[in-house]
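Note sheet for the following structure.
The values are calculated or read from the model by the stated rules, or taken from the named source; none is laboratory data. Just so you know, these numbers come straight off a predicted model, no measurement behind them. Positions of Cβ are generated from backbone atoms using ideal geometry, with glycine treated the same way; all protein chains shown enter the neighbour counts.
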Amino acid sequence: MLLNDPHGSASLPPVLNVHRSAGERRWVWRHPSLADNDNRLALALSQKFELTELLARILAGRDITVEHVENFLKPRLKTALPNPSCLMDMDRTAQRLAEAVTHHETIGILGDYDVDGACGTALLTDALRHLGCTVYTHIPDRIEEGYGPNIPALENLVTQGATLLICVDCGTAAIDILDHFEGRVDRIVLDHHKPDGALLPKGLVVNPNRLDCPSGLGHLCATAITFLTVVALRRELNQQGWFEHHPPLDPQSYLDLTALATICDVMPLRDVNRAFVTQGLKVMNQHRRLGLAHLAHVAGVKNNSSAMSCGFALGPRINAGGRIGKADHGLQLLLSTQEGEARALAEELDSVNRQRQTVESHILDAAIQQAEAQIQNGHAVIFLHGDDWHPGVVGIVAGRLKERFNRPALVGALQDGVVKGSARSVTGLDLGAAIIAARQADLLITGGGHAMAAGFSVAEEKLNAFHSFLDKQLSEALTLPPQDDLRLDGVLTINSATPELAQQLAMLAPFGPGNDEPLLALRHVRCVKSDRIGRDGNTLRVILQGEDGYTRLKGLVFRAGDKAFAQLLEDRARPLLHVAGHLRVETWQERENLTFFIFDAFSC
């Protein structure tokens, strides 16, 4: 079922009468209450907490009531952290880990090759080593080993002496592989991926998305589950009196990893996730984890890390190792305690990320043309593959296609008669469920994931049948517009776009899924100057001017070459415009600059 408009805002008249912008979007209110000039909740919030009218209306539009405002604006783990025991198998997992600690066991940890897997593996490895365990790790090679645990890798960990095997961000679907070790070594799975059904591997499986788990924590990433596991372990050891004779363990020191993984795995920033990210960024900006400090430096993060810098600067570089470099480089960076090693790993990941960008751009050009042809031929879902496409970047390409065409997109690489790839979906279409259904219909060799992202492998002879199956399962994609509606939180004149307002809007951070950064429309402005900047000239810098002819505001458009509305901003005729985007205050060389980051434009 398509749930693109859960609040019914698209049924209202378009904002500023923009039925179709230069970016081919309809402008609507994010929530109908934003169009209500007599919103009682907004009025109550404004009066009780001394908030501006715009900020109060935005909070009301996000269903933040008077009782929850303080926790939303100042999220704290003290009030948001759930009891780990609410997760199925958690108490037994904590007991088994406590046994491993008290007996100084050797533990083998296998994690996924993405940011979530690397962060979760680093978190658990560091905690268990701190508690005296010997820990060996393995991150599978994306091309040679594929996703999830495999018998040779686990056998190698056992050969090194592991008496306990732990899978992080994988393992829920690896029933045969993990059960292969039944009777030889204990197994624990810390995961969040949806299982195919009720059947799980033998051993302990802590996964909020298992069908019998009552926790309601299905919106947590695997690193967050691992964080809760360390909290439960600390509680268990404390009850046993362990810390009376051993150094303390501070789970909060791992909040930087939890925040990074939550952001990069695109988890909804609500409830405890919001506290994880808010408090985790504070820990990250203490720069105590050498690897992240050096990575931020090479990535050009000038000031303190934010949710944006994690998602667009740090995360892609950690991911790059798992995509086209050495799979465990991201993990080794996060675990590094030596300045020289941390610096070298950060520089290597930065270099590999640049290689990834080059490989990605070559594939994307061809993929866009093929996607256009599939849409013209009536396909609801984009499904592409190439025999010379690098498996490490197909997920990024799928995401780019999803953004460009507003359709679910699957992209894979063909090797030895099998297409292995990644998939990305649009809001409201559960792609993970469709992939699992295809696997149950015997169309896939492997497959699984979330509503918005999934992975799969399919035999070459079943490609057409698989595509047809997805077209039927996700047929509602045919009703989607070329671009999703642009959901606005407010309309301003350029005179109202002040540094003070931008700072007030920043109080709603961290931003991400479930708490999008406020999107505002500036009405009746002209673009009086424009130029292309940046290394590749793909950033458009403009000067916006208000109707009074005096008030001006700097604007930026990233990846301008992909944006149809960029031509409107560069029109030398200087038409009167409405522009939509984010208002931010940024610090550059100790000076604050007010900038409007433009997402769309409309000629009045």
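Residue by residue, here is whether (1) touching a Cys at 6+ places or on another chain (Cβ under 6 Å); (2) of a type outside the set (Lys, Arg); (3) part of a strand (DSSP E or B) holds:
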{"position": "521", "(1), (2), (3)": "no, yes, yes"}
{"position": "575", "(1), (2), (3)": "no, yes, no"}
{"position": "581", "(1), (2), (3)": "no, yes, yes"}
{"position": "584", "(1), (2), (3)": "no, no, yes"}
- Query: Of (1) in contact with a His (Cβ under 9 Å, 6 or more places away or on another chain); (2) surrounded by fewer than 16 Cβ atoms within 10 Å (Cβ to Cβ); (3) at pLDDT 95 or above, residue 554 satisfies all except one. Which?
  - Reply: (1)
- Task: Say whether the condition of being under 25 Å from the mean Cα position of the chain (by Cα) and at pLDDT below 95 is met by at least one residue in region 52-59.
- Result: yes
- Message: As an exercise: evaluate residue 392 against (1) within 24 Å of the chain's Cα centre (by Cα); (2) at pLDDT 90 or above and give the number of the one condition it does not meet.
- Response: (2)
- State yes or no: is residue 532 among the basic types (Lys, Arg), touching a helix residue (DSSP H, G or I) at 6+ places or on another chain (Cβ under 9 Å) and closer than 19 Å to residue 603 by Cβ? no
- For region 557-604, name all the residues that are of a type in the set (Gly, Ala, Ser) and surrounded by 15 or more Cβ atoms within 10 Å (Cβ to Cβ). 560, 566, 580, 581, 601
- Conditions (1) surrounded by fewer than 24 Cβ atoms within 10 Å (Cβ to Cβ); (2) more than 18 Å from residue 230 (Cβ to Cβ); number of the one not met by residue 99: (2)
- Given the conditions (1) surrounded by fewer than 19 Cβ atoms within 10 Å (Cβ to Cβ); (2) in contact (Cβ under 8 Å) with a residue 12 or more places away in the chain; (3) within 22 Å of residue 30 (Cα to Cα), every one holds for residue 496 apart from (2)
- List, please: which pairs have Cβ atoms under 6 Å, are six or more places apart or on different chains, and start with a residue in region 269-281 that is over 17 Å from residue 68 (Cβ atoms) and end with one that is of a type in the set (Asp, Glu) and in a helix (DSSP H, G or I)? 280/256
- Please find, within region 182-226, the residue that is farthest from the chain's Cα centre (by Cα) out of those that are among the small types (Gly, Ala, Ser) and surrounded by 21 or more Cβ atoms within 10 Å (Cβ to Cβ). 203
- Message: Can you confirm whether residue 75 is outside any helix (DSSP H, G or I), surrounded by 18 or more Cβ atoms within 10 Å (Cβ to Cβ) and touching a Ser or Thr at 6+ places or on another chain (Cβ under 8 Å)?
- Response: yes
- Query: Just to be sure, is residue 358 within 25 Å of residue 110 (Cα to Cα) and among the β-branched types (Val, Ile, Thr)?
  - Reply: no
- Note on the structure: The residue that is farthest from residue 142 (Cα to Cα), considering only those in region 300-328 that are among the charged types (D, E, K, R) and buried (at least 20 other Cβ atoms within 10 Å of the Cβ), is 317
- So which of 371, 342 ends up being farther than 21 Å from residue 257 by Cβ, surrounded by 20 or more Cβ atoms within 10 Å (Cβ to Cβ) and not aromatic (Phe, Trp, Tyr)? 371
- For region 345-368, how many residues meet the condition of being more than 26 Å from residue 408 (Cα to Cα), surrounded by fewer than 16 Cβ atoms within 10 Å (Cβ to Cβ) and among the hydrophobic types (A, V, I, L, M, F, W, C)? 0
- Note on the structure: From the option list 462, 420, single residue qualifying as among the basic types (Lys, Arg), surrounded by fewer than 20 Cβ atoms within 10 Å (Cβ to Cβ) and touching a Leu at 6+ places or on another chain (Cβ under 9 Å) is 462
